[in-house]
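Colleague: Can you read through this structure? Questions will come right after.
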Amino acid sequence: MSNKRFHGVMPALYTPITDENELKVDETRALLEKELAAGVHGFYLCGATGEGPLLPEKTRMRMAEVAKEQVGGRTALIDHVGACDVKSAIRLARHAEEVGMDAISSVPPTFFVNYDEDAVFRYYKQLSESCNLPLLVYANAMFRQGDIVKFIDRVMQLPTVIGLKFTRYNYYEMRRIVELNGGDINVINGPDEMLICGLTMGADGGIGSTYNMMGPAFVKLYNAFTEGRFEDARQLQFRINRCIEIMLRHDGCMKQVLSEGGIDVGKPAFPGRVYTREEMRGIMDELNRVGYQELT
């Protein structure tokens with residue numbers, strides 16, 4: 001079987017939570033249905049956007065369970081199991097397999113310790129051996145050890161590793177990774193504002209935060225690109241990026257922006273910033289002035 005299991009637009013789903021970090025089940029189901037109606041091709045659960053590393057294991061497990069129940073095989077589910085300790089990650093990985101996730105993923109070990117490349121490899125090896133699900137490595141700025149291309153080539157030799165989520169900004173580097181393993185590697189673009197760059201360099205799709213809010217626009221961008229309408233895709237990326245620029249300027253506002261769309265996904269997990277009602281009105285006014293409503 002080819003390693004290219006996942007493609008298209010996959011929201012890094014926000015985790016709707018209460019102030020006690022418990023899952024808001026009804027809101028989770030509503031959010032999943034909203035994104036499915038936009039035509040997305042899969043979901044990435046409990047990553048950085050989903051605040052997974054900040055949440056209790058039971059909440060992360062419940063998120064996987066509810067997503068599986070609600071989606072019911074209609075699209076792919078990738079469960080991010082990265083945690084501050086490997087035993088937690090392994091418990092989450094085994095639970096993902098029990099629930100019936102399509103794959104797991106994980107960031108490298110905690111950045112609080114400057115692990116060398118061999119240590120990072122041992123982490124992914126143990127995670128790979130913990131369950132039978134396909135595993136997507138997470139290549140981001142936390143990987144500071146040596147040559148990322150050589151490392152991915154090495155980790156691809158592990159039996160369950162099929163590819164990676166590439167949340168870096170060197171697209172020459174990405175292209176070299178796309179060509180590894182005879183091209184049989186599942187490469188998913190990370191930076192939302194550069195989805196078209198990733199697709200141009202051979203990525204199979206994208207996983208992103210603002211896909212939660214602008215899913216229809218990202219699906220149109222992906223479809224335009226795959227149909228060869230490159231200028232349409234480019235213009236959509238530019239329009240999307242005007243909104244992303246505003247949200248990045250108001251650091252941490254994205255979860256509340258999503259709630260403004262009608263599904264209360266809760267506040268950011270502590271210690272994330274919570275914007276006042278007046279501040280959110282100002283942010284939404286900025287977004288709407290650059291065409292945000294037309295992209296949602």
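Colleague: Just for the chain, what percent of DSSP beta bridges are antiparallel, to the closest 5?
Modeller: Here the share of antiparallel DSSP bridges comes out near 5 percent.
Colleague: Counting only protein heavy atoms and a 1.4 Å probe, tell me what percentage of the stretch 4-148's accessible area is made up of carbon and sulfur. Could the numbers behind the result be given before it?
Modeller: Numbers: 2920 of 5850 Å².
For the stretch 4-148, the apolar C and S fraction of the accessible surface comes to 50 percent.
Colleague: By the gyration tensor of its Cα atoms, with a ≥ b ≥ c the square roots of the eigenvalues, what is the shape of the stretch 49-152: rounded for a/c under 1.5, prolate for a/b over b/c, or oblate?
Modeller: prolate
Colleague: As an exercise, use a Förster radius of 22 Å and the Cβ-Cβ distance of Asp184 and Glu245 to find the FRET efficiency, rounded to the nearest 0.05.
Modeller: 0.05
Colleague: Can I ask one more? What is the spin-label model distance, in nm, from Arg273 to Asp85 if the labels are put 7 Å beyond Cα along the C-beta direction?
Modeller: Spacing of the two 7 Å Cα→Cβ label points: 3.3 nm.
Colleague: Tell me the label only: which of (i) 24.3, 79; (ii) 18.5, 57; (iii) 18.2, 54 is Rg and Dmax of the Cα atoms in Å as calculated from this structure?
Modeller: Given (i) 24.3, 79; (ii) 18.5, 57; (iii) 18.2, 54, the structure-derived one carries the label (iii).
Colleague: Considering only protein heavy atoms and a 1.4 Å probe, what is the carbon-and-sulfur percentage of the accessible area of the stretch 212-296?
Modeller: 50
Colleague: A follow-up question, please. Using a basic spin-label model with each label point 7 Å from the Cα along Cα→Cβ, how many nm lie between Asp264 and Asp285?
Modeller: Result: 2.5 nm between the two label points.
Colleague: Here's a follow-up. Can you tell which of Leu55, Cys84, Pro108 lies farthest toward the positive end of the dipole of the stretch 1-125, using +1 and -1 charges on the Cβ of basic and acidic side chains (Lys, Arg; Asp, Glu)?
Modeller: Pro108
Colleague: For the chain, give the magnitude of the charge dipole about the Cα centre (Cβ charges: +1 Lys/Arg, -1 Asp/Glu; no others), in debye to the nearest 20.
Modeller: The calculation lands at about 280 debye.
Colleague: Then there's this: With an 8 Å cut-off on Cα pairs and a minimum separation of 6 or more residues, tell me the relative contact order of the stretch 216-267 in percent.
Modeller: It rounds to 21 percent for the stretch 216-267.
Colleague: What does the extension gain come out to for Tyr169 and Phe238, with contour length at 0.36 nm per residue minus their alpha carbon separation?
Modeller: 23.1 nm
Colleague: Determine the per residue accessible area of the stretch 144-246 with all protein chains present and a 1.4 angstrom probe, expressed in square angstrom.
Modeller: Per residue, the stretch 144-246 has an accessible area of 39 Å².
Colleague: Longest exposed-loop-site-free stretch of the chain, with GluC sites (Glu not before Pro), DSSP loop and at most 15 other Cβ within 10 Å?
Modeller: That would be 23-178.
Colleague: If you average the sequence gap of Cα pairs under 8 Å that are 6 or more apart and divide by the length of the stretch 36-126, what percent do you get for the contact order?
Modeller: 27
Colleague: Here's a follow-up. Pull out the extension gain between Glu97 and Lys150, defined as 0.36 nm times the separation in residues minus the alpha carbon to alpha carbon distance; nm, one decimal.
Modeller: Gain on stretching Glu97 to Lys150: 16.2 nm.
Colleague: Of all trypsin sites (Lys or Arg not before Pro) in the stretch 54-160, which ones are in loop regions per DSSP and have a Cβ with at most 16 other Cβ atoms within 10 Å?
Modeller: Passing both the DSSP loop test and the Cβ count: Arg74, Arg144.
Colleague: Between Asp116 and Lys58, what FRET efficiency comes out of the Förster formula 1/(1 + (r/R0)^6) with R0 = 45 Å and r the beta carbon distance, rounded to 0.05?
Modeller: The computed FRET efficiency comes out at 0.85.
Colleague: Return a whole-number percent for the relative contact order of the chain, with Cα pairs under 8 Å and 6 or more residues apart as the contact set.
Modeller: Working: 534 pairs, mean separation 58.3, N = 296.
20 percent.
Colleague: Give the shape of the stretch 107-196 as rounded, prolate or oblate, defined through the alpha-carbon gyration tensor: a ≥ b ≥ c are the square roots of its eigenvalues, a/c under 1.5 means rounded, and otherwise the shape is prolate if a/b is larger than b/c and oblate if not. Walk me through the intermediate numbers first.
Modeller: Values: a/c = 1.60, a/b = 1.18, b/c = 1.35.
Verdict is oblate for the stretch 107-196.
Colleague: Loop only by DSSP, 16 or fewer other Cβ within 10 Å of the Cβ. Give me the trypsin sites (Lys or Arg not before Pro) in the stretch 219-296 that pass, ordered by residue number. Intermediate values should be presented prior to the final figure.
Modeller: Details: sites: Lys220, Arg229, Arg234, Arg239, Arg242, Arg249, Lys255, Arg273, Arg277, Arg281, Arg289; in loops: Arg229, Arg273.
Within the stretch 219-296, the qualifying trypsin sites (Lys or Arg not before Pro) (loop, at most 16 other Cβ atoms within 10 Å) are Arg229, Arg273.
The values are calculated or read from the model by the stated rules, or taken from the named source; none is laboratory data. The structure displayed is predicted, hence computed values, not measured ones. Methodologically, a virtual Cβ is constructed for each residue, glycine included, from the backbone with ideal geometry; neighbour enumeration extends over all protein chains shown. For the accessible areas, the whole protein counts, side chains as well, though only heavy atoms, and no ligand, DNA or RNA atoms are used. Shrake-Rupley method; radii C 1.70, N 1.55, O 1.52, S 1.80 Å.
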